[in-house]
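Only one structure is covered here, and it is reproduced in the block below.
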Amino acid sequence: MKKLILLSAAALGLAATPAFAGEDGQAYVNIGGTVINDGGLAITGRVGYNFAQYFGVEGEGSFGVSDSSDSGIDTGINYSIAGFGVARMPLGEQFSVFGRVGYHSTEAEGSGFGVTVTQTFDGIAFGGGVEFMLDEKNGFRAEYTNFDGSVAGVGGSVDTFSASYVRKF
């Protein structure tokens, strides 16, 4: 059910994005795959808006499609939602680097030996990456993000690596 809600919210965000595009800024969406440091995989979508050449905001939603398995225990994310402030540095007409910091809420699940445990954790998320535009509207993005948080009162963090298609409006 939560995946359906997340997908519905992402679809509404994607449908509404062109309405935000204006002369002073640029809206964008992207979709791609995310590898989680423990070996799990997720599909990730983002909706963003660049207020100026160097600054913007973006929302992100992911849902797990593959868990990792170790010693009979499967772990993975069910979903993750996040919001970020983004700082960009263009290094030419087609290439830019960016950094981002924000806040996330993630639901993870572990199962094994007949027991399933689901926990939600939230915290600061930060990272950075590169973007290469093929033309004015289409490009690719690669990035690293660290999701810090607390699971059942125990501190920890998760590293992710993403690659995605970018579409600007």
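The values are calculated or read from the model by the stated rules, or taken from the named source; none is laboratory data. Quick caveat, the model's predicted, so the values are computed rather than measured. When we count neighbours, we look across all protein chains shown, and the Cβ atoms used for this are built from the backbone with ideal geometry, even at glycine.
Within the range 133-144, is there a residue that is under 30 Å from Ala27 (Cα atoms), surrounded by 14 or more Cβ atoms within 10 Å (Cβ to Cβ) and within 14 Å of the chain's Cα centre (by Cα)? Yes, the conditions are met somewhere in the range 133-144. Of the strands (runs of 3 or more DSSP E) entirely within the range 54-101, those holding at least 2 residues that are more than 18 Å from the chain's Cα centre (by Cα), without any contact (Cβ under 8 Å) to a residue 40 or more places away in the chain and more than 21 Å from Thr118 (Cβ to Cβ) occupy 73-90. Contact map, the range 114-126: first residue under 23 Å from Ser162 (Cα atoms), second residue part of a strand (DSSP E or B) and among the charged types (D, E, K, R), Cβ cut-off under 6 Å, separation 6 or more or different chains; pairs are Thr120/Glu107; Gly123/Asp148; Ile124/Asp148.
For the range 69-91, check the following and say yes or no: at least one residue is under 17 Å from Gly127 (Cα atoms) and charged (D, E, K, R). Scanning the range 69-91, I find at least one residue that is under 17 Å from Gly127 (Cα atoms) and charged (D, E, K, R), so the answer is yes. Within the option set Phe121, Phe161, being surrounded by 15 or more Cβ atoms within 10 Å (Cβ to Cβ), modelled with pLDDT of 85 or more, among the aromatic types (Phe, Trp, Tyr) and closer than 15 Å to Asn30 by Cβ holds for one residue only, Phe161.
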